[in-house]
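Comments concern the structure below.
Derivation of every value follows stated rules applied to the coordinates shown; laboratory data play no part. No experiment lies behind these values; they were computed from the predicted model shown. We place every Cβ from the backbone using ideal geometry, glycine too, and count neighbours over all the protein chains shown.
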Amino acid sequence: MPDHFHAILSFPRDAVMADLFRHWKRYTARQLGIVWQDGFFDHRLRNAHEENTKHHYIRHNPVRKELCTSPEDWPHQLRWSNGDLLIGG
């Protein structure tokens with residue numbers, strides 16, 4: 001997405017997500033010239049069904065916004081394969 005991103009992340013209980021995201025967005029804005037949406041929204045995933053629902057939402061968001069025709073075509077997705085972090089479909 002041009003001005004925001006979706007992710008499923010895990011944080012230590014004592015981490016302040018607002019601070020982490022503010023610093024990360026400031027850094028990436030300066031380094032990469034990204035103009036981010038203000039703020040952030042978090043949602044606690046309580047079970048496998050909620051995790052699957054959010055995963056589906058994230059994967060299909062660029063399709064709903066007509067930025068690609070299928071989730072696999074979105075070039076900015078991150079995924080793990082054999083212990084390596086890969087970018088793209």
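Over all pairs of distinct alpha carbons, what does the Kirkwood formula give as the hydrodynamic radius of segment 17-87, in Å? Mind dumping the intermediate values first?
Details: mean 1/r = 0.0685 Å⁻¹.
For segment 17-87, the Kirkwood estimate is 14.6 Å.
Please identify the trypsin sites (Lys or Arg not before Pro) of segment 22-61 that satisfy two criteria: DSSP loop assignment and at most 15 other Cβ atoms within 10 Å. Which are they?
Details: sites: R22, K25, R26, R30, R44, R46, K54, R59; in loops: R44, R46.
Filter output for segment 22-61: R44, R46.
Could you list the GluC sites (Glu not before Pro) in segment 7-74 that lie in coil according to DSSP, counting only those with at most 14 other Cβ atoms within 10 Å of their Cβ? Intermediate results must be reported in sequence, preceding the final value.
Working: sites: E50, E51, E66, E72; in loops: E66.
Listed in order of number, the matching sites are E66.
Along segment 49-66, what does the Karplus equation 6.51 cos²θ - 1.76 cosθ + 1.60 (θ = phi - 60°) give for ³J(HN,Hα), rounded to whole Hz, x for Gly and Pro?
4, 4, 4, 5, 4, 5, 4, 4, 4, 4, 4, 9, 4, x, 5, 4, 7, 6
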